[in-house]
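This report concerns only the one structure given below.
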Amino acid sequence: MSTKNRTVASTLTTSNQDIFVAPNQFAAAVLSIFITNTTSSAQTVSIDWYDASEDSYHTLFEQAPIIANGVVQLTETLWLDRADKIRALASANSAIEVSIQVAEQFRN
């Protein structure tokens, strides 16, 4: 089975936006998520996982506080199947950056 390691990142807005979507012929292991507050004020972040097979969203964080200039790292593995995704939004535009490290595995 072929594996492709990737890191994707996005600066959040106050509207939900997709950060990572598992490609159609791949499953993906989310290995790490970095959440960075780039401002000198406390902010909040909300992150959801979308399960395409059930067409439903599952909350990972809901308005979780991130201290000024703070960083939070999640290191528990989250397994995503084809078309599953991670989306997020922040309490203020351009205040929170999210970086996701994934290992994509090719599937037939």
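Read-outs: derived from the displayed coordinates by stated rules, not from any lab. Just so you know, these numbers come straight off a predicted model, no measurement behind them. FYI the Cβ positions are ideal-geometry reconstructions off the backbone, even for glycines, and counts take in every protein chain you see.
Please give the per residue volume of the convex hull enclosing the alpha carbon atoms of the range 3-106, rounded to a whole number of Å³.
On the way: hull volume 8.2 nm³, N = 104.
Dividing the Cα hull volume of the range 3-106 by its residue count gives 79 Å³.
Assuming charge only on the beta carbon of Lys and Arg (+1) and of Asp and Glu (-1), the dipole of the range 3-106 about its Cα centre is about 340 debye to the nearest 20. Classification of the range 34-82 by its C-alpha gyration tensor yields a prolate form. The axis ratio a/c (a ≥ b ≥ c) is 1.5 or more, and a/b outweighs b/c. Between Gln17 and Ser94, the contour length at 0.36 nm per residue exceeds the Cα-Cα span by 26.5 nm. Over all other residues within a Cβ to Cβ distance under 13 Å of Ala88, the charged ones net out to -2, with Lys and Arg as +1 and Asp and Glu as -1. Taking 0.36 nm per residue of separation and subtracting the current Cα-Cα distance, fully stretching the chain between His58 and Arg6 would add 16.4 nm.
For Ile66, the amide hydrogen comes within under 5 Å of the amide hydrogens of Gln43, Thr44, Val45, counting only partners 5 or more places away or on other chains and with H modelled in the peptide plane. Subtracting the Cα-Cα distance of Ala42 and Ile67 from their residue separation scaled by 0.36 nm leaves 8.5 nm. Each Lys or Arg adds one and each Asp or Glu subtracts one; over the other residues with Cβ under 14 Å from the Cβ of Ile19, this totals -1.
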